[in-house]
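A.B. asks: Dropping a structure here in structure tokens format, bear with me for questions.
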Amino acid sequence: MSLDSGIGSLGCSDEYVVRRLFVFIKDNLIFESLQDGLMQKQLLSEKEKEEYVCSNCARHYWSERLLKLIIRRKRCKEFVAFIHQMSCHKHVSEKILEVQEKAKGGTLKAANGAVQRRINLTLTHELLQRHFACLYMELEPREIADEMFQAGHLTLVDHDNVTESNQRYKRLSFLLNILMKKELYAQLVCTLQSMGYRSVLDTLQKDRKLKNKPSEYSTCIQHNFILLQENIPCFGDASFLMEHELDSTNISDIESCKNAVRKISKLLKILLIRGKPACKEFFRVIEVDLKREDLIQKMKYKSAEIKRRGKPNLNQRHRSLRTPCLQEHEEFLNEELEPLDISDLLFEEGAMEISAHDKITETSRRQKQMKYLLETVNGNENDCFHFFLYILQKEGYESILEELKKSAPGAVGAVPHEQSENLRLSIRVAREPDDVGNGDIHMRLSVGGRTGPQVEQALQDSHSSGTEILEEAILHGVVDIRGVSSGSIVLQLRPVTDQAVQTLLNVRDNNRLVEMIVGMLKKVNIASMMDGTEPLEIKVQVYKANPVGIISKAEDAEPIKKRLKAHRNVLVSELEPRAIAHVLSKSKAFAKSAIDSVLNADSCNDRVENLLSLVEDGDFEVVKEFVTALKDLGYSSIVELIDPPDIHNRAENIRKMITSNYKNILEEMQMKLAKETLSKCVGDVDEIREKILPKNGNRKKRMSSFLQFILQDDHNVIEFEKMLRNNDLEDLLKIDENVQGEHIPTQGIEMTFVEDRIHSSSEGVLFEAVITLSHTA
């Protein structure tokens, strides 16, 4: 008998009873106490448990999955008999018997309260979509799916499709699509009636937006959405403090967010959905449990300021802008906007619904985030477009506002891509390096002929205004451009990986150098600058920059000191300073007065702070003794944090992934992700944080500066990888086999080596060649 035929066809069988009591049974089963018995009775196998019931879901969904497995495998009769034998589930057994008796006697009420007088309401997919935000706020799709599955309206597959997602937006979308495909709108009305959703039914019946005035607590939380993300503790603490206000679905949705900030964001939105009692309790937790009355005062002040301000004023220059400009400049906006930050700001202003915010921020890729953001802003609910312009104005996106005021860009003057491909390429190598280190190098490009100055200027302008030249350097050369000098173009290149320079200058075995230079020339449209009669010659000279000195012991200790600062909060909370000071007191590296400053401090936190300051100000021996003491005292996790084993090799592998995918990574980068990474970075974080602000130019240029900063330090590279994984962007770490490794010689390259070529010495020019470009016939 197929479950898809509907519950009515099951009569009063055990399967009917299990389906009819689906919600009650799953809420009252204790899976852990039953699993051994279920396996003994062959109602559950180890494989079914590992691969389905307990796979990739929170503990509180195990019973639900077990029940669906029992139904799917046609084991309901045996399951009911098993429950009757379990004294610890007597209440479940009694409920089953009650339903069986009523079913036999014909006194069992119809599912979903069908005896009620139905309201006069005809639903359509369009009507439900119009009120999507209301449904999102008022309904939990899992609960609706449970009731409709229990009543026989949804199949097991339908129920899985709705309930298996940890994103409320997807659950509701799946549910509405199922209702549309199966024309279950009348059944939905009955379900909503039986579950008491009067306000939702009223909204749908009148086809107008639900007008619920939010509480002062809710409004204040929303007005301080970003402040709270930055100031309340990690989700583990927040979840413990707020668990009495969260149900199993809430906790599961929050835990599914990998990003720490997004976990807090999700918690705040769930509190807003749950309403005044939950929001009021959150205020109490902040003030009493977290002892952050200062934060409460900041929140109240900001909320009062927003209310006093009302609808913000736009600069006179921007008041004439209308929503069509979004479509006209869609390509530009897709390139420049940072949807995560803008969505947070729009939500904070009340210009974006929770459903829209979830849809944008729970999507991992920037281009999809942009698509949903522009759809929301263009829809202009809650004056969203006005607030969008205000946010651009307030946050320093002046260049974007100026672009929006221009007429739609045309395609005049575009050069066909194939024009730059129809080039003949040859290279004549006059000097090769005998041996080369991996320090910084300078590459001089001297372009001959009448067009030489024009080409050189184009290269310099391109580097100043965009990232395309840098992208070619990193992608093909695995080198970072630190600067560009004028005259004959001199590229100041810094190797990204240990073998970058050796590989770049090894033109006999790979074409990286040629591909890098020609790639740069193509980016500035070299074909359009050539008159077709005269070949273009580029003399390439590579020479060492400042020689790399031997790393001193003091410099060798610097990475550990940097990581001490980066992980200071963890160290302060985890270390027992008296025990460490006692061990260090036996070392000659620590003076007695230094140890006394630790032991005599007023509090444990002060003692740890004093100890860490001693290490940060100390020499190599001090750092070495401190790490040894931690090892001796069993702080293995702390040692791995501040002096991770084989960190350089791990970072080198990540660098290869980053350089291989540099263009795609740059496409995804935005302020929210950069800030998350920088919060764990070492080095001059404040300088780079200021440098990447929107006021400092286009997004790619700013984010390229961020990536250049990241690539310089092993610790930062590893933190960047963690950030990508925490934001579901790990696909960006796959190495492109077409880019990495030794390249297949490019078709059409004529390569010659001068017989009496000069070998480079340890000083001066390392490499010299002439690249010739000419149009093919």
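The numbers here are math on the coordinates, done by the rules we state, and not lab data. Please read all numbers here as calculations on a predicted model, not as lab measurements. Glycine also receives a Cβ, built like all others from the backbone with ideal geometry; neighbour counts cover every protein chain displayed.
A.B. asks: Along its principal axes, what span do the Cα atoms of the stretch 216-309 show, with the longest given first and each in whole Å?
C.D. replies: Result for the stretch 216-309: principal-axis Cα extents of 38, 24, 24 Å.
A.B. asks: What full-extension length gain, to one decimal in nm, is calculated for residue 304 and residue 525 as 0.36 nm per residue of separation minus the Cα-Cα distance?
C.D. replies: Working: separation 221, 0.36 × 221 = 79.56 nm, distance 5.45 nm.
Here the answer is 74.1 nm.
A.B. asks: In whole Å, what are the Cα extents of the stretch 129-211 along the three principal axes, biggest one first?
C.D. replies: 35, 24, 21
A.B. asks: Could you work out the percent of alpha carbon pairs in the stretch 3-108 separated by over 22 Å, rounded to a whole number? Each step should come with its number before you reach the end.
C.D. replies: Values: 1537 of 5565 pairs.
Within the stretch 3-108, distances greater than 22 Å cover 28 percent of Cα pairs.
A.B. asks: Separate question: Using mean Cβ contacts within 10 Å as the protection proxy, how do 622-628, 199-205 order, highest first?
C.D. replies: Order by mean packing, descending: 622-628, 199-205.
A.B. asks: In addition: Please list, in order along the stretch 163-168, the HN-Hα scalar couplings obtained from phi with the Karplus expression 6.51 cos²θ - 1.76 cosθ + 1.60 (θ = phi - 60°), rounded to whole Hz, x for Gly and Pro.
C.D. replies: So the Karplus estimates, Gly and Pro as x, are 8, 7, 7, 9, 10, 4 Hz.
A.B. asks: Provide the FRET efficiency to the nearest 0.05 for the residue 98-residue 289 pair, computing r from the beta carbons and using R0 = 56 Å. Before the final figure, lay out each step's value.
C.D. replies: Working: r = 43 Å, r/R0 = 0.77.
After rounding to 0.05, the efficiency reads 0.85.
A.B. asks: Let me ask something additional. With a cut-off of 8 Å between alpha carbons and a minimum separation of six or more residues, what is the relative contact order of the stretch 216-309 in percent?
C.D. replies: Reported relative contact order: 40 percent.
A.B. asks: Please work out the FRET efficiency for the pair residue 620 and residue 722, using the Cβ-Cβ distance as r and a Förster radius of 41 Å; give the result to the nearest 0.05. Working shown, then result.
C.D. replies: Details: r = 28 Å, r/R0 = 0.69.
Calculated value: 0.90.
A.B. asks: Same structure, new question: Could you please rank 197, 136, placing first whichever residue has the fewest other Cβ atoms within 10 Å of its Cβ? Don't skip to the answer; put the middle values down first.
C.D. replies: Details: 197 18, 136 22.
Ranked by crowding around the Cβ, least crowded first: 197, 136.
A.B. asks: Cα to Cα, under 30 Å, and not fewer than 8 places away if on the same chain: which lysines meet these conditions relative to residue 588?
C.D. replies: 553, 561, 562, 565, 624, 631
A.B. asks: I need the semi-axes of the equivalent ellipsoid of the chain: take the C-alpha gyration tensor, multiply each eigenvalue by 5, square-root it, list largest first in whole angstrom. It would help to have the intermediate numbers written out before the result.
C.D. replies: Details: eigenvalues 641, 261, 167 Å².
Gyration-tensor ellipsoid for the chain: 57, 36, 29 Å.
A.B. asks: Also, quick follow-up: What is the stretch 553-642 by shape, rounded, prolate or oblate, if you read a ≥ b ≥ c off the alpha carbon gyration tensor as root eigenvalues and call it rounded for a/c under 1.5, prolate for a/b larger than b/c, and oblate otherwise?
C.D. replies: Working: a/c = 1.41, a/b = 1.13, b/c = 1.24.
Rounded, because the longest to shortest axis ratio a/c is under 1.5.
A.B. asks: Same structure, new question: When we measure straight from the Cα of residue 77, which lysines land under 25 angstrom away, once same-chain ones fewer than 8 places off are left out?
C.D. replies: Correct list for residue 77: 26, 41, 47, 49, 68, 90, 95, 102, 104, 109.
A.B. asks: What percent does the relative contact order of the chain come to when contacts are Cα pairs within less than 8 Å and at least six residues apart? Can you show the working numbers first?
C.D. replies: Values: 971 pairs, mean separation 101.9, N = 777.
Relative contact order for the chain comes out at 13 percent.
A.B. asks: Also: Amide H neighbours of residue 489 under 5 Å, counting only residues 5+ apart in sequence or on other chains, H built in-plane at 1.01 Å?
C.D. replies: 445, 447
A.B. asks: For the peptides 662-668, 42-48, what is the packing order when you average, over each peptide's residues, the other Cβ atoms within 10 Å and list the highest mean first?
C.D. replies: 662-668, 42-48
A.B. asks: If you take the charge dipole of the stretch 125-206 about its Cα centre, with +1 on Lys and Arg Cβ and -1 on Asp and Glu Cβ, which of 151, 205, 141 is farthest toward its positive end?
C.D. replies: Of the options given, the answer is 205.
A.B. asks: I'd like the distance between the alpha-carbon centres of the stretch 479-499 and the stretch 613-632, rounded to an integer number of Å.
C.D. replies: 37
A.B. asks: On to the next question. Work out the count of Lys pairs in the stretch 307-401 where the Cα-Cα distance is under 21 Å, with the pair 8 or more places apart or on different chains. Don't skip to the answer; put the middle values down first.
C.D. replies: Details: 307/394; 311/394; 359/368; 359/371.
Summing the qualifying lysine pairs gives 4.
A.B. asks: How high is the FRET efficiency from residue 446 to residue 509, r the C-beta distance, R0 25 Å, rounded to 0.05?
C.D. replies: Details: r = 26 Å, r/R0 = 1.02.
Taking R0 as 25 Å, the efficiency between residue 446 and residue 509 is 0.45.
A.B. asks: So for the stretch 553-642, averaging the separation of alpha carbon pairs under 8 Å that are six or more residues apart and normalising by length, what relative contact order in percent results? It would help to have the intermediate numbers written out before the result.
C.D. replies: Details: 81 pairs, mean separation 33.5, N = 90.
The normalised contact order for the stretch 553-642 reaches 37 percent.
A.B. asks: Measuring from centroid to centroid over Cα atoms, what is the spacing of the stretch 285-357 and the stretch 15-63 in Å?
C.D. replies: 45
A.B. asks: Can you give me the three principal axis dimensions of the stretch 632-684 from its C-alpha atoms, in Å, biggest first?
C.D. replies: Its Cα atoms span 46, 23, 18 Å along the three principal axes.
A.B. asks: How large is the helix-only mean residue ellipticity at 222 nm for the chain, computed as the sum of -39500 (n - 2.57) over DSSP H runs with n ≥ 4, divided by its residue count, in deg cm²/dmol to the nearest 500? Don't jump to the answer; show the numbers that get you there.
C.D. replies: Numbers: 46 runs with 440 residues, N = 777.
It lands at -16500 deg cm²/dmol.
A.B. asks: Indicate the gyration tensor shape class of the stretch 310-397 (rounded, prolate or oblate), computed on the Cα atoms with a ≥ b ≥ c the square roots of the eigenvalues: a/c under 1.5 is rounded; otherwise a/b larger than b/c is prolate and the rest oblate.
C.D. replies: On the way: a/c = 1.68, a/b = 1.26, b/c = 1.34.
It comes out oblate by the Cα gyration axes.
A.B. asks: Can you give me the distance in nm between label points at residue 311 and residue 600, each placed 7 Å from the Cα along the Cα-to-Cβ direction?
C.D. replies: It is 6.7 nm.
A.B. asks: Please work out, to two decimal places, the log10 of the ratio I(q)/I(0) at q = 0.20, 0.21 Å⁻¹ from a Debye calculation in which every Cα of the stretch 444-486 carries one identical scatterer.
C.D. replies: Debye output, listed in q order: -0.66, -0.72.
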